[in-house]
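Take a look at the structure below.
The values are calculated or read from the model by the stated rules, or taken from the named source; none is laboratory data. Since the model is a prediction, treat every value here as computed from it, not as a measurement. Cβ placement follows ideal geometry from the backbone for every residue including glycine, while neighbour counts extend to all protein chains displayed. Each accessible area value is taken on the protein alone, full model and side chains, heavy atoms only, with ligands, DNA and RNA left out. Shrake-Rupley method; radii C 1.70, N 1.55, O 1.52, S 1.80 Å.
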Amino acid sequence: MEFRHEVIDDSPPCGRLGICQPTDLTGNGRPDLIVGGMGANKLPILGTSGFPLIGRLFKRLETSIFWYENPGWERHALCDSHDLYVFGNALGDVTGNGRLDLIVGQGIGSHDIYWFEQPSNPYKTWTKHLVDSAFNKYHDLAFGDVDNDGEMELVGTSQQSEVIFYYDVPDDPRQSPWPEDCRHIIAEDTHVEGLKIVDIDGDGRNELIAGTSIYRQLPATASQSGTSRVEADGGTMQLSNNWQREQITAGWDWTRLAVDDLDGDGELEIIFSEGDKPELGDGPARVGWFDPPEWDAHILRDDLFNAHSLQTADFDGNGRPDIYVGEMGLGKRDDEARHFIFRNQGDGEFDETIIDRGTPTHEARAVDMNDDGKVDIVGKSYEPNAHVDIWYNDTPHPNR
């Protein structure tokens with residue numbers, strides 16, 4: 001496979017980058033790129049935390065959220081707020097006006113969820129609205145119909161508060177904060193990463209995949225009273241509200257996830273990578289896929305370093321979804337950070353290719369960035385060295 005690496009920005013105006021959202025803001029048919037983050041926690045030139053006042057001043061000089069115009073990659077500020085400390089994020093049409101807005105949640109030790117309203121002219125400042133401040137640290141957010149009522153909801157996980165939640169969008173989403181009765185709890189006492197709203201079992205109703213479990217909303221008559229939890233048949237757990245949890249696998253930590261029909265059987269498989277191991281856990285990270293209905297495991301690698309980027313797409317043009325996984329460097333293994341594509345050979349078989357080494361990435365996305373019909377990869381680092389990158393797919397495709 002042939003991928004050509006290009007640095008979009010080797011000095012973005014924010015450190016610890018969390019947001020990487022490609023979307024066409026200008027209407028020219030090519031995805032632009034929204035980037036943002038939590039900001040620097042110290043001045044690298046000083047090398048110590050002995051200058052807290054200077055460090056805080058440095059953060060206030062940063063730009064929390066910005067976007068790059070495609071083509072050319074001219075950078076534009078999305079908002080005029082500094083030191084927002086944003087991490088979890090999603091795109092969604094909050095107002096129903098046909099324009100995608102940006103939803104962000106703050107990182108560890110902070111409590112706010114905001115949505116930024118995209119103006120008709122995206123070059124202008126996006127208006128910030130507060131959703132809520134109920135929880136602490138939002139690693140993942142999603143926007144979709146999670147309760148199957150025909151309306152879109154804002155769904156999230158809070159690691160510090162150990163809760164999975166969703167918000168109904170109020171009739172007036174510009175009110176700040178949103179009314180408390182819009183907030184609903186799906187599960188408590190759970191610390192998970194990875195979030196996807198999808199009809200995983202093909203029954204015509206959406207489920208929520210959070211971490212390594214599937215959450216299904218049951219009819220109200222099937223919900224249990226009280227706050228107790230009991231084990232149900234088939235490895236599922238009936239929660240105290242009207243949600244049921246099915247565990248896909250155990251022992252996978254800090255997961256990123258993707259969903260696709262990998263083996264062509266018409267059923268969706270679930271793919272996991274361990275995004276923060278070994279940095280936040282024992283042993284190296286794994287990437288593998290799980291086949292329904294028993295969720296049989298197929299491990300592709302078990303020696304990865306913080307594999308925080310996971311995507312599926314047909315990179316080689318053979319009509320089958322491949323698996324991409326990229327490693328963070330975290331200043332410890334930057335020169336060794338690898339980008340893998342597991343090429344789908346059919347019947348559940350994959351061939352591994354390393355398409356790049358030495359460019360750490362975090363939350364990279366698979367998308368055609370130059371409108372040539374091939375899926376590219378766009379990403380950015382996390383820390384300590386900030387950069388924004390694109391890998392153009394120059395792989396010859398069949399019949400092209």
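Modelled this way, with points 7 Å down the Cα-to-C-beta line, the labels at His82 and Arg174 are 2.8 nm from one another.
When the residues Phe143, Phe272 are ordered by accessible surface, computed with a 1.4 Å probe over the protein chains alone, the sequence from largest down reads Phe143, Phe272.
Based on Cα contacts under 8 Å between residues 6+ apart, the chain shows a relative contact order of 13 percent.
First measure r as the distance between the Cβ atoms of Asn385 and Asp303, then evaluate 1/(1 + (r/R0)^6) with R0 = 22 Å and state the FRET efficiency to the nearest 0.05. Approximately 0.40, to the nearest 0.05.
In terms of overall dimensions, the C-alpha atoms belonging to the stretch 283-380 reach 39, 39, 19 Å along their principal axes, ordered largest to smallest. Residue ranges 102-111, 321-330 sort as 321-330, 102-111 when ordered by packing (mean number of other C-beta atoms within 10 Å per residue, highest first).
Measuring from a point 7 Å past the Cα of Leu61 along Cα-to-C-beta, which residues in the stretch 2-41 have an amide N at less than 17 Å? Only 11-16, 39-41 fall inside the zone, counting backbone N under 17 Å.
Phi angles of the stretch 168-179 translate, via the Karplus equation with coefficients 6.51, -1.76, 1.60 and θ = phi - 60°, into HN-Hα couplings of 5, 6, x, 4, 10, x, 7, 6, 10, x, 5, x Hz per residue; Gly and Pro are given as x. Near Asp322: Cβ cut-off under 11 Å, other residues only, Lys/Arg at +1 and Asp/Glu at -1. The net charge is -3. For the chain, the alpha carbon convex hull comes to 152 Å³ per residue, rounded to a whole number. Summarising the label geometry, the points placed 7 Å from Cα in the beta-carbon direction at Thr127 and Thr249 lie 4.5 nm from one another. Compactness ratio for the stretch 265-316: Cα radius of gyration over 2.2 N^0.38 Å (N = residue count) comes to 1.25.
Between Phe3, Gly107, Ala210, the Cα set farthest toward the positive side of the dipole of the chain (charges on each charged residue's Cβ, about the Cα centre) is that of Gly107. The mean sequence separation of alpha-carbon pairs under 8 Å and at least six residues apart, normalised by the residue count of the stretch 89-135, gives a relative contact order of 28 percent. Glu207 sits among other residues whose Cβ lies under 13 Å from its own Cβ, and their net charge, with Lys and Arg +1 and Asp and Glu -1, is -2. Using 20 Å as the cut-off for backbone N distance, which residues of the stretch 308-350 belong to the label zone defined by a point 7 Å from the Cα of Arg357 along Cα→Cβ? Zone members listed by number: 308-309, 324-343.
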